[in-house]
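**Q** My structure is below; once you've seen it, I'll send some questions.
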């Protein structure tokens with residue numbers, strides 16, 4: 001017997017799997033019906049205990065192709081039913097085996113519907129997975145857990161380059177970039193130069209890049225004022241696109257405000273309306289912060305909205321070759337409805353080069 005205890009004292013019983021050690025983090029739920037391997041290795045989930053709303057998890061095991069980074073980033077995993085005998089032609093190991101190797105604790109047999117409803121009603125909160133009965137000390141540990149400053153744990157250690165198939169050279173400020181995001185850019189760019197999150201804007205601009213991308217990543221954008229300032233310099237100097245956390249960084253750099261959402265958007269089925277196109281697309285998202293709707297400064301316009309809760313999903317910045325979106329244009333496992341965002345960015349880069 002094991003327990004997931006939330007900071008408000010709520011308890012959810014189950015059975016440990018994976019690493020089987022105590023784990024603490026912010027508890028969120030994700031609504032994706034597939035792609036648990038991608039979720040586990042998505043840097044945007046760094047430090048979070050992720051509840052999978054789909055009831056059966058682990059049925060295809062773990063393969064060598066669907067990793068979004070070099071290893072697991074989640075702090076813990078909560079599932080209803082764990083498949084112990086997966087079957088897939090690409091299978092390399094079970095989910096239980098992989099989480100044990102990665103030092104990630106899971107708890108199965110949990111009433112994930114009840115947990116999800118609780119988070120939806122009371123908001124995401126910190127929690128702790130423990131063996132046996134949880135104690136008051138476990139609640140205190142959960143409450144004291146620090147959930148800020150995750151970006152520097154998931155960014156690359158040093159700059160590197162990726163050769164592509166296109167004709168443009170683009171820099172990426174890596175706040176926690178997914179491999180599938182890089183793969184889509186690789187199909188469209190001649191060269192991708194990836195820089196650590198704390199790289200100065202001057203260094204990036206001196207690299208010879210023709211445009212800059214601010215990647216997705218974990219946590220609160222207000223934790224990184226120096227990165228926001230570097231992003232502002234990039235926006236002022238070259239065509240710039242942001243996604244996920246990168247969108248929030250660009251919004252702050254342009255004078256917008258951001259705020260914490262009650263339970264955030266996590267999953268691969270979030271509907272987003274493109275106001276210019278008049279279309280609604282299914283998107284993948286993993287964020288707990290959003291641009292405040294009542295704090296849009298002059299020169300910034302809303303380009304996309306979430307069709308569920310009407311929150312801001314995209315911004316354009318007048319006087320700059322810059323735009324940003326809250327969703328991930330192409331990240332596994334999720335839909336590819338919005339890959340046109342990459343093409344819009346590269347068209348902007350070409351127009352800038354032609355001036």
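The values are calculated or read from the model by the stated rules, or taken from the named source; none is laboratory data. Predicted model, so just to flag it, every value in this text is computed and none were measured. Neighbour counts run over all protein chains shown; Cβ positions are idealised from the backbone, glycine included.
**Q** Just to be sure, is residue 193 at pLDDT 95 or above and either in contact with a helix residue (DSSP H, G or I) (Cβ under 8 Å, 6 or more places away or on another chain) or buried (at least 16 other Cβ atoms within 10 Å of the Cβ) (or both)?
**A** Taking the combined requirement at face value, the residue satisfies it.
**Q** Further, regarding this structure: When you scan the range 83-92, how many residues do you find that are touching a helix residue (DSSP H, G or I) at 6+ places or on another chain (Cβ under 8 Å) and modelled with pLDDT of 95 or more? Steps first, please.
**A** So the first thing to find is which residues in the range 83-92 are touching a helix residue (DSSP H, G or I) at 6+ places or on another chain (Cβ under 8 Å), and the list is 83-84, 86.
Remaining after also requiring modelled with pLDDT of 95 or more: 83, 86.
Residues flagged as touching a helix residue (DSSP H, G or I) at 6+ places or on another chain (Cβ under 8 Å) and modelled with pLDDT of 95 or more within the range 83-92 amount to 2.
**Q** Being assigned to a loop (DSSP other than H, G, I, E, B), closer than 25 Å to residue 263 by Cβ, touching a residue at least 24 places away in the same chain (Cβ under 8 Å) and out of contact with any strand residue (DSSP E or B) (no Cβ under 9 Å at 6 or more places or on another chain): is that true of residue 219 here?
**A** Taking the combined requirement at face value, the residue does not satisfy it.
**Q** Here is a further query. Any idea which of (1) under 20 Å from the mean Cα position of the chain (by Cα); (2) modelled with pLDDT of 95 or more; (3) more than 26 Å from residue 308 (Cβ to Cβ) is the one residue 126 doesn't satisfy?
**A** If we test residue 126 against (1) under 20 Å from the mean Cα position of the chain (by Cα); (2) modelled with pLDDT of 95 or more; (3) more than 26 Å from residue 308 (Cβ to Cβ), just (3) comes out false.
**Q** Inside the range 81-99, can you point out the residues that are crowded, with 18+ Cβ neighbours inside 10 Å and either assigned to a helix (DSSP H, G or I) or not assigned by TED's automatic domain parsing to the domain that holds residue 39 (or both)?
**A** Within the range 81-99, 95, 96, 98, 99 meet the criteria.
**Q** Can you report the number of residues in the range 225-249 which are in a loop (DSSP other than H, G, I, E, B) and either surrounded by 24 or more Cβ atoms within 10 Å (Cβ to Cβ) or modelled with pLDDT under 95 (or both)?
**A** So the answer is 2.
**Q** Run down 173, 252 and say which single residue is surrounded by fewer than 24 Cβ atoms within 10 Å (Cβ to Cβ), modelled with pLDDT of 95 or more and in contact with a helix residue (DSSP H, G or I) (Cβ under 9 Å, 6 or more places away or on another chain).
**A** 252
**Q** Then there is this: Could you tell me which numbered condition residue 323 fails, if it satisfies all but one of (1) closer than 23 Å to residue 155 by Cα; (2) surrounded by 24 or more Cβ atoms within 10 Å (Cβ to Cβ)?
**A** All conditions are met except number (2).
**Q** For residue 70, which of the numbered conditions (1) in a strand (DSSP E or B); (2) farther than 19 Å from residue 34 by Cβ fails to hold?
**A** (1)
**Q** Here's a follow-up. Looking at the range 148-172 only, could you name the residues that are over 14 Å from residue 209 (Cβ atoms), touching a strand residue (DSSP E or B) at 6+ places or on another chain (Cβ under 8 Å) and in a loop (DSSP other than H, G, I, E, B)?
**A** Hits for the range 148-172 are 155, 156, 157, 158.
**Q** Moving on to the next point. Identify all residues within the range 48-70 that are under 23 Å from residue 150 (Cα atoms) and at pLDDT 95 or above; write none if there are none.
**A** 48, 49, 50, 51, 52
**Q** Give the residue, chosen from 321, 347, 337, that is without any contact (Cβ under 8 Å) to a residue 12 or more places away in the chain and either touching a strand residue (DSSP E or B) at 6+ places or on another chain (Cβ under 8 Å) or within 16 Å of residue 240 (Cβ to Cβ) (or both).
**A** Result of the check over 321, 347, 337: 347.
**Q** Identify the single condition in (1) surrounded by fewer than 20 Cβ atoms within 10 Å (Cβ to Cβ); (2) farther than 22 Å from residue 263 by Cβ; (3) touching a strand residue (DSSP E or B) at 6+ places or on another chain (Cβ under 9 Å) that residue 136 does not satisfy, given that it satisfies every other one.
**A** Of everything listed in (1) surrounded by fewer than 20 Cβ atoms within 10 Å (Cβ to Cβ); (2) farther than 22 Å from residue 263 by Cβ; (3) touching a strand residue (DSSP E or B) at 6+ places or on another chain (Cβ under 9 Å), residue 136 misses just condition (3).
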